[in-house]
Every structure is written in C-alpha cells, then in structure tokens.
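**Q** My questions all concern the structure below.
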Amino acid sequence: MTVLPMTINGLAVQSKATFGVIDPATGEFFGQAPDCTEEQLQLAMDSARSAFGAWRRDEDQRRAMLREAAVAVRQDGERIAGLLTSEQGKPLQDARVEVMAAAAWLDYYAGLEMPREVVQDDRSGYAEVLRRPLGVVAAITPWNFPVTLAMWKIAPALRAGNTMVLKPSPFTPLATLALGETLAQVLPPGVLNVISGRDPLGARMTTHPVPRKISFTGSTPTGKAIAAAASDDLKRVTLELGGNDPAIILDDADPQAIADQLFWAAFANNGQVCLAVKRVYAPHSLYDDVVEALAERARTVRVGAGAEEGTELGPINNLPQYSRVVGLVEDALQQGAKVAAGGASMNRRGYFYQPTILAAASDGIRIVDEEQFGPALPVIAYRNVNDVLERCNEGPYGLTASVWSSDTDRARRVATELDCGQVAINAHGSGVRPDLPFGGARWSGIGVENGLWGLYGFTETQVLSVPTAY
Ligand code: NAD
C-alpha cells in the first residue's frame, strides 16, 4: 500500500485515521491517505498564518523560491506522475505532461513582471494603486487534474505574498500530497500546507476563521455551498466550476479536417475536463459526416490502464462518476438518441466505458443539458445558428466554447455572440495558458485564474496617495 504524509508547518505528518485510495483501472484500493483531524487542520491554519508575516515581505525571495520549486517539481516528476496515473487513471504520458505543466506555471509566476500602477505623479501629488496579499488562502481541488489545478492556485497565491492550506479531492489525494512533500524541501515552513480528508474537511476549511480567501475548483453544487459558507465572514472567493461547453460547426467546415481536434477536445482525459467539448452542434448539411468522423475515432482509440504502454484513454476516475455516465447514456437512448459508437461499459474490471458518440441527440435531454464529465458525446443537428447561440447563452453554464469554419471572419462573428469565459476558433481550449485569464460566466464560476488577472484575485487593492497641495 502506498501511504503518504500531509505537510504541515514544513513537517511530514501522519494521522491516526486514514482513508483508502482506489486505482480506477482495477477498482481496488492501492493506497492510503491521512484523514486530517480537527487539531491538524488548526495546526495547518496556524502555521500558514504565522508564515504569512515574513513571506509577504520579500518579493525577490518569493520569486527565487518559485523558481527553485519548479526545479524540484521537475526532479520529482516521475514519482508524482506515477502516483497521478495510479489514482486518477490517466495515461502515464498525460500525467507527465500534467506535472511538467505545473512546473511551467511556477516558472511563469516567478518571471511575471507586475506593472507599477501609478495613476498620478505630478506637481499636485502622487497616487499609486498597490496590490496587497490577502493572508491565508484555503485551496480546494477536484480529481480530474489534481496537480495542475493545485498549481493554478499555489503559484499565483504564493507569488502575491499569501500562504496556503491546500486540500485535494479524496479520490486523488496522493499526487498532491507528494507535491506538498516536494515543495516543502524548498519553501519555508507553513507557506504551503497540504492536508487530506473527505468532503467535510473541505467544508470545515471554508468556515474556518483564519483563511481570508477560498480558491475552489470543482462542481457547481459545491461551489454554491462554498459561496454561501464564505459569505458570513466575507471571505473572498474564486470559483472555477462546471461547464457544458459547445462546439458549433458552421456549414462551411470540413468534417474530416477538424475531426481529430474535435474528438480530442471532447475525449482527452476521458472527457473529464471542465472545458471539454460536451456537445457538438452540426448543421443538417454536414451532420452525418460529422457523426461518422467522430465515431470512427471513438471506435479506434486505444482504451486501457494508464500504466499500459500505448494507452490513449484510461478509465473513468471513480464509481459515482462512472455510474453517472452510464445513466446519462441510458437516458439519452430512451429519449431517442442513437449510438454511433460505443454506448456500453467495457468488459473488464475497473471503471472502463467505451468512448461513445450519440447521434440524433437534441436539447432537452439530460446529456445535452447537463455536464456529463465523461467519455460520451452528443451531436445535435441544427438549421439556424442563431437558435444554437440562443440555446447556449440561455443555459446555466458559460465556461468555454468553440466555433469551427473555413471562414475565420464568419466564425469570429459567431464566436463573439457567445457569453462564456473563453471562445476559440478552429480549436477548443487554446486559450488555456499561464498568461491568459481562465474562468466562467453564470454557473461556471466567479473570478478567473491565470495571468496577471489570476494573481490579482489573490490580492486586495490599496491606494497610496501623497497630495502635495498643502
Ligand atoms: P466536487 O465539487 O465534488 O469536489 C471538489 C472538491 O471539493 C473536493 O476536494 C471535495 O472534497 C471538496 N468538497 C466537497 N464538498 C465540499 C464542501 N461542502 N465544501 C468545501 N469543499 C467541498 O467536484 P469533483 O467531482 O471533484 O470535480 C468535478 C467537477 O469539477 C466538474 O463539475 C468539473 O467541471 C469541475 N471542474 C472545473 C474546473 C474549472 O476550472 N472550471 C476545472 C476542473 C474541474
């Protein structure tokens, strides 16, 4: 059994109780994580608060340490990636890319130049806008990209001068605990505490008096609970929540030319990506070609355990999510959708489900209206693109979207009609980079991560003014 400690005040800490971690490729327990006690949560919060005083003062030191942290993550990359594949299910190569992306985020925030914001500097006075750190940040992450999504919080929050208590999902605690161990070799004690536990630990973090900010990535229902929990103490929140991201294909697109990109935009990480394409709108004139091009790829992609050589898609991460995907496909078929590829579980142990393309899907069925977060993609036929835009903008989610066309000016006109956080043309998710803001409209979240904008989310604005008129 793999057992990893928490990191509290720079020390490796075990707990009296542990909880099991399942390998989704087998459905069996392979590891244990500490179940953080009330006293340990308090210790983590206290150590983050104590560390804040010194950490906030020296920006050059913070930048140097983020650089060292990036080196340490790269050096420990194989260990962290191996744990990530075992607990999350993703192909080992994808796990390696995820860990390297985390190191790249550290480098980006170490190197980011913060512009001076001097509004006035003349004979009658001086006025400057400053960005001050908030204090202790409570960070809570989901199970789909545990390492990268933790780093979207750690790197900007620490660069801005905050300290942190971080809790990963109970489905995928181990890679994050390993990351905590690695970063403890570089960071001063208390600057980054990593604790593990089940969902109620997350809830206790959000009502704890110490944090001034909650940075959360996860589902929309949990995000709403956190917004309510934060209100009493007016804690700041950034909420990165669910999506139901449309890909809209215009009638001048070439289905064969776009099919590879479109398929992987929907199925990478087995569809368990907040910004994955979750529904495809295709015009009647191209509908059969689009469905067939996607189905052909779904039938031939290599599904297997993440550790197996050549695996392109792993299992679904956990049993509740697997059951949800099974239920949504069954419901769609009862509502008249047709299987173009897949449509069933795979005949092997673990949480494997065939990559599934659903034809004859329509708005109003659950798999089109809700976030499936798994390897099943509905394709919906349309006649008028304005109807599609209306349906997308009226829905509760607004994370990302894409428009596909051989005429980029035309695609741009359609794209700018969409109310969502990012929209891409002839690509999907191409704006997910350390230097661009990422966030959602409506139920997809509040605030943004990444870039200067993400860093500002970990700060309070202060005006320093020096009038000279007296
Ligand atoms: P989840 O909301 O069930 O859990 C996320 C985290 O919240 C876990 O660490 C969990 O332990 C914790 N938690 C649960 N209840 C809590 C509570 N009451 N208070 C505080 N913390 C609590 O989400 P999940 O199933 O792990 O993740 C999948 C969801 O995450 C999907 O909806 C997906 O779209 C979303 N997601 C969004 C983004 C984004 O950037 N917008 C990125 C990745 C995933």
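The values are calculated or read from the model by the stated rules, or taken from the named source; none is laboratory data. Since the model is a prediction, treat every value here as computed from it, not as a measurement. Neighbour counts are summed over all protein chains in view; Cβ atoms, including those assigned to glycine, are modelled from backbone coordinates with ideal geometry. Surface accessibility is based on the protein's heavy atoms, side chains included, excluding ligands, DNA and RNA. Shrake-Rupley method; radii C 1.70, N 1.55, O 1.52, S 1.80 Å.
**Q** Go through (1) in contact (Cβ under 8 Å) with a residue 12 or more places away in the chain; (2) away from the ligand (no atom under 13 Å from the Cβ); (3) open to solvent by 30 Å² or more (accessible area, probe 1.4 Å) one by one and return the number of the condition A227 breaks.
**A** (2)
**Q** Next question, about the same structure. Can we say V329 is touching an Asp or Glu at 6+ places or on another chain (Cβ under 7 Å) and open to solvent by less than 10 Å² (accessible area, probe 1.4 Å)?
**A** On the way: touching an Asp or Glu at 6+ places or on another chain (Cβ under 7 Å): no; open to solvent by less than 10 Å² (accessible area, probe 1.4 Å): yes.
No, not satisfied.
**Q** Go through (1) within 15 Å of the ligand (Cβ to nearest atom); (2) under 20 Å from R62 (Cα atoms); (3) touching a strand residue (DSSP E or B) at 6+ places or on another chain (Cβ under 8 Å) and name the single condition M151 misses.
**A** All conditions are met except number (3).
**Q** So, R198, is that one within 12 Å of the ligand (Cβ to nearest atom) and of a type in the set (K, R) or not?
**A** On the way: within 12 Å of the ligand (Cβ to nearest atom): yes; of a type in the set (K, R): yes.
Yes; evaluated as a whole, the condition is true for this residue.
**Q** Does V137 qualify as being part of a strand (DSSP E or B) and more than 30 Å from P320 (Cα to Cα)?
**A** Values: part of a strand (DSSP E or B): yes; more than 30 Å from P320 (Cα to Cα): no.
No.
**Q** Surrounded by fewer than 21 Cβ atoms within 10 Å (Cβ to Cβ) and among the charged types (D, E, K, R) - does that describe any residue in segment 375-384?
**A** So the first thing to find is which residues in segment 375-384 are surrounded by fewer than 21 Cβ atoms within 10 Å (Cβ to Cβ), and the list is 381-384.
Narrowing the set further to residues that are among the charged types (D, E, K, R) leaves 383.
Yes, some residue in segment 375-384 is surrounded by fewer than 21 Cβ atoms within 10 Å (Cβ to Cβ) and among the charged types (D, E, K, R).
Residue by residue, here is whether (1) within 16 Å of the ligand (Cβ to nearest atom); (2) over 30 Å from P188 (Cβ atoms); (3) at pLDDT below 95 holds:
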residue	(1), (2), (3)
E87	yes, no, no
P91	no, yes, no
M100	no, no, no
L106	no, no, no
L112	no, no, no
V119	no, yes, no
G135	no, no, no
A139	yes, no, no
A155	yes, no, no
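**Q** Give segment 384-403 a look and list any residue that's of a type in the set (A, V, I, L, M, F, W, C) and closer than 18 Å to V432 by Cα, or say none. So that I can check it myself, show each step before the final result.
**A** If we filter segment 384-403 for residues that are of a type in the set (A, V, I, L, M, F, W, C), which is where we start, we get 385, 388-389, 392, 399, 401, 403.
Correct list: L399, A401, V403.
**Q** Continuing with this model, one more query. Can you tell me which condition L183 does not meet? The list is (1) in a helix (DSSP H, G or I); (2) of a type outside the set (V, I, T); (3) within 11 Å of the ligand (Cβ to nearest atom); (4) in contact (Cβ under 8 Å) with a residue 24 or more places away in the chain, and all the others hold.
**A** The one condition L183 does not meet is (3).
**Q** Going residue by residue through segment 150-157, is there one that turns out to be of a type in the set (D, E, K, R), in a helix (DSSP H, G or I), in contact with a Ser or Thr (Cβ under 9 Å, 6 or more places away or on another chain) and open to solvent by 10 Å² or more (accessible area, probe 1.4 Å)?
**A** So far as segment 150-157 goes, no, none of its residues is of a type in the set (D, E, K, R), in a helix (DSSP H, G or I), in contact with a Ser or Thr (Cβ under 9 Å, 6 or more places away or on another chain) and open to solvent by 10 Å² or more (accessible area, probe 1.4 Å).
**Q** For a quick check of your reading of the model, give me the residue pairs whose first member lies in segment 166-178 and is assigned by TED's automatic domain parsing to the domain that holds A25, whose second is near the ligand (Cβ under 6 Å from one of its atoms) and assigned to a strand (DSSP E or B), with beta-carbon atoms closer than 7 Å and at least 6 apart or on different chains.
**A** Here the result reads K167/I140, each pair linking segment 166-178 to a residue that is near the ligand (Cβ under 6 Å from one of its atoms) and assigned to a strand (DSSP E or B).
**Q** Hey, E460 hits all of (1) at negative phi; (2) part of a loop (DSSP other than H, G, I, E, B) but one; which does it fall short on?
**A** (2)
**Q** Somewhere in segment 404-417, is a residue within 30 Å of S345 (Cβ to Cβ), buried (at least 24 other Cβ atoms within 10 Å of the Cβ), assigned by TED's automatic domain parsing to the domain that holds V290 and among the aromatic types (F, W, Y)?
**A** The answer is no, given that none of the residues of segment 404-417 is within 30 Å of S345 (Cβ to Cβ), buried (at least 24 other Cβ atoms within 10 Å of the Cβ), assigned by TED's automatic domain parsing to the domain that holds V290 and among the aromatic types (F, W, Y).
**Q** Right, here's the next one. Testing G161 on (1) touching an Asp or Glu at 6+ places or on another chain (Cβ under 9 Å); (2) away from the ligand (no atom under 16 Å from the Cβ); (3) open to solvent by 40 Å² or more (accessible area, probe 1.4 Å); (4) not basic (K, R), one condition comes back false. Which one is that?
**A** (3)
**Q** Residues that are in contact with a Ser or Thr (Cβ under 8 Å, 6 or more places away or on another chain) and farther than 21 Å from A155 by Cβ: does segment 90-112 have at least one?
**A** The answer is yes, given that some residue of segment 90-112 is in contact with a Ser or Thr (Cβ under 8 Å, 6 or more places away or on another chain) and farther than 21 Å from A155 by Cβ.
**Q** Go through segment 230-260 and report how many residues are more than 9 Å from the ligand (Cβ to nearest atom) and either under 23 Å from I154 (Cβ atoms) or free of Cβ contacts under 8 Å to residues at least 60 places away in the same chain (or both).
**A** Here the count works out to 15.
Let's see how each residue does on (1) outside any strand (DSSP E or B); (2) surrounded by fewer than 24 Cβ atoms within 10 Å (Cβ to Cβ); (3) outside the structural domain of N386 (by TED's automatic domain parsing):
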site	(1), (2), (3)
V237	no, yes, yes
Q256	yes, yes, no
W264	yes, yes, no
K278	no, no, no
Y281	no, no, no
A295	yes, yes, no
A307	yes, yes, no
P320	yes, yes, no
S323	yes, yes, no
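**Q** Let me ask something additional. Give segment 312-330 a look and list any residue that's among the hydroxyl-bearing types (S, T, Y) and in contact with a helix residue (DSSP H, G or I) (Cβ under 8 Å, 6 or more places away or on another chain), or say none.
**A** Of all residues in segment 312-330, those among the hydroxyl-bearing types (S, T, Y) come to 322-323.
Across segment 312-330, there are no qualifying residues.
**Q** Go through segment 134-148 and give me each residue that's under 10 Å from the mean Cα position of the chain (by Cα) and under 10 Å from S215 (Cβ atoms). Can you show your working first?
**A** Taking segment 134-148 as the starting set, the residues that turn out to be under 10 Å from the mean Cα position of the chain (by Cα) are 141-148.
Within segment 134-148, T141 is the sole residue that qualifies.
**Q** Now for a different question. If I ask for residues that are under 24 Å from L158 (Cβ atoms) and either touching a His at 6+ places or on another chain (Cβ under 6 Å) or open to solvent by less than 30 Å² (accessible area, probe 1.4 Å) (or both), which ones from segment 441-470 would you list?
**A** Step one: of segment 441-470, the residues under 24 Å from L158 (Cβ atoms) are 445-462, 464.
Within segment 441-470, G445, E449, N450, G451, G454, L455, G457, F458, T459 qualify.
**Q** Having 1 or more residues that are on the phi < 0 side of the Ramachandran plot and in contact (Cβ under 8 Å) with a residue 60 or more places away in the chain is the bar; report the strands (runs of 3 or more DSSP E) wholly within segment 334-441 that clear it.
**A** Working: elements: 338-341, 356-361, 376-382, 400-404, 422-425.
Because the criterion is at least 1 residues that are on the phi < 0 side of the Ramachandran plot and in contact (Cβ under 8 Å) with a residue 60 or more places away in the chain, the strands (runs of 3 or more DSSP E) in segment 334-441 that meet it are 356-361, 376-382, 400-404, 422-425.
**Q** Go through segment 418-440 and give me each residue that's within 14 Å of the ligand (Cβ to nearest atom) and open to solvent by 60 Å² or more (accessible area, probe 1.4 Å).
**A** R433
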